[in-house]
Amino acid sequence: MSSTKGRKLAKPERRAQLLDTAKEILRECGADALTLGHLAERAGVSKPIAYEHFGTREGLLIALSQEIEDRHTEKLRAALKGAAKQLDAIAGIISAVYIDCAVESGEEWQAISGALRGNADMIATQQQQVDDYVAMIKAALSPFSDVPDDDLRLRCTGIAGAAEAIGRELIRGRTSKAAASSNLAALIIDGTKS
């Protein structure tokens, strides 16, 4: 039970508490049980507070998706900041951070994505997330690549798709964390070569 339950909180603090409670509901009960009413009850707040923060159930799921993506982006940005300026080091970091994030929030992310399949706002949000991720890994890999800019962007888009597929394989128990990370790193390295 959260120590923030029932207490008056600042809006950002309340939103964080609601998102944490929503993740608990996802893990324990699945996406179908995640409604704003259930969230409000579980968090110890009134329904209008939950609606004020997210508007709709879809708004809540999109906020959860964005929170997962923001956490991943911040971890990658921090890891790249101190990285050795070598392709294998950069590829290893991109791969390790992605796989770690897949382990950390993969089942939640898949439940969210599945619940919002076909939702226009979620499609737009996911496309923006992919575009941002592709731009970040492209910027990290550009110094090591002689591939034309547009081609490198397309290859990074492919790397993002491969990362997602490899992450799913790991979550399903069809590969190990080490194998997932090393094979993704190999794809990243190969993708930078002409």
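The values are calculated or read from the model by the stated rules, or taken from the named source; none is laboratory data. Everything numeric here is computed off the predicted structure, so don't read it as measured data. As a convention, Cβ positions derive from the backbone with ideal geometry for all residues, glycine included, and neighbour counts pool all protein chains shown. For accessibility, only protein heavy atoms count, side chains too; no ligands or nucleic acids. Shrake-Rupley method; radii C 1.70, N 1.55, O 1.52, S 1.80 Å.
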Condition test on SER3, is it polar (S, T, N, Q), modelled with pLDDT under 95 and exposed (fewer than 14 other Cβ atoms within 10 Å of the Cβ)? yes
Return yes or no: is ARG15 basic (Lys, Arg), touching a residue at least 24 places away in the same chain (Cβ under 8 Å) and open to solvent by 20 Å² or more (accessible area, probe 1.4 Å)? yes
Residue under evaluation ASP88, criteria (1) open to solvent by 30 Å² or more (accessible area, probe 1.4 Å); (2) more than 30 Å from LYS138 (Cβ to Cβ); (3) modelled with pLDDT of 95 or more, criterion not met: (2)
Kindly evaluate VAL103 against the criterion of being β-branched (Val, Ile, Thr) and either within 21 Å of GLY30 (Cβ to Cβ) or surrounded by fewer than 16 Cβ atoms within 10 Å (Cβ to Cβ) (or both). yes
Within region 141-182, of all residues that are without any contact (Cβ under 8 Å) to a residue 60 or more places away in the chain and within 14 Å of ASP88 (Cβ to Cβ), the one least open to solvent (accessible area, probe 1.4 Å) is LEU141
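To keep it simple, each residue is scored yes or no on (1) charged (D, E, K, R); (2) touching a helix residue (DSSP H, G or I) at 6+ places or on another chain (Cβ under 7 Å).
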| position | (1), (2) |
| --- | --- |
| LYS8 | yes, no |
| ALA31 | no, yes |
| THR35 | no, yes |
| GLY44 | no, no |
| HIS72 | no, yes |
| LYS75 | yes, yes |
| LEU80 | no, yes |
| GLY92 | no, yes |
Please count how many residues of region 51-61 are open to solvent by less than 50 Å² (accessible area, probe 1.4 Å) and over 10 Å from TRP109 (Cα atoms). 5
